[in-house]
Amino acid sequence: MIEHDKVRELLALAAAGALTAAEEKQVGEHVRSCVSCANELDAWRPIATELRRLPTPQPSSWLLQATLARAEAKLADEAEHVLNRHIIIFVVTLAWLLTIASWLVFDFVSPYFGSLLGPQFGHTWIGFAAFTALGWLAGGVAAVMLAVRQRGERRLA
Ligand SMILES: [Zn+2]
């Protein structure tokens, strides 16, 4: 009967999940043999659930762990987004470098190719625009391939 009184005091905390492992075990064992305490624990459960939804100055270990897990998941998600943004910036930069490099090569051989393609492909902005478009296309294809590969990996994970 002494245990009954002791457990009775812990029932509200038990419903809130705020007990230590030892206390939880004690309550669990007692309510299996005591209908009165089992009923009271059941009565506390919906109240404890409602209380958990309110912001509490002293969060239970359950709430703290759930919040930490959610924060960790969010951080991991954000880290992945940052990584994706870095990859896209890298791809775009590479595309630009390739564009400029190939333009320099084209400019170097343009006296020969320019005569084949026509005078407008010589030292003009049209030639550079064509190469820029080509560079952006290559960068875009690389970005799309990367995105498709990543989605495939996530599906496997
Ligand atoms: Zn009892």
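The values are calculated or read from the model by the stated rules, or taken from the named source; none is laboratory data. Given the structure is predicted, the values throughout are model-derived calculations rather than measurements. A quick note on method: Cβ atoms are made from the backbone with ideal geometry, for glycine too, and the neighbour counts reach across all protein chains shown.
Take P111 and tell me if it is modelled with pLDDT under 75 and part of a loop (DSSP other than H, G, I, E, B).
So P111 fails the test.
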(request) Give the residues of region 1-42 that are of a type in the set (K, R) and more than 41 Å from the chain's Cα centre (by Cα), sorted by residue number. (result) K6, R8, R32
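A quick yes/no check of all residues on (1) modelled with pLDDT under 95; (2) within 13 Å of the ligand (Cβ to nearest atom); (3) in a helix (DSSP H, G or I); (4) crowded, with 16+ Cβ neighbours inside 10 Å:
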{"site": "H4", "(1), (2), (3), (4)": "yes, yes, yes, no"}
{"site": "V7", "(1), (2), (3), (4)": "yes, yes, yes, yes"}
{"site": "L11", "(1), (2), (3), (4)": "yes, yes, yes, yes"}
{"site": "A22", "(1), (2), (3), (4)": "yes, no, yes, no"}
{"site": "E40", "(1), (2), (3), (4)": "yes, yes, yes, yes"}
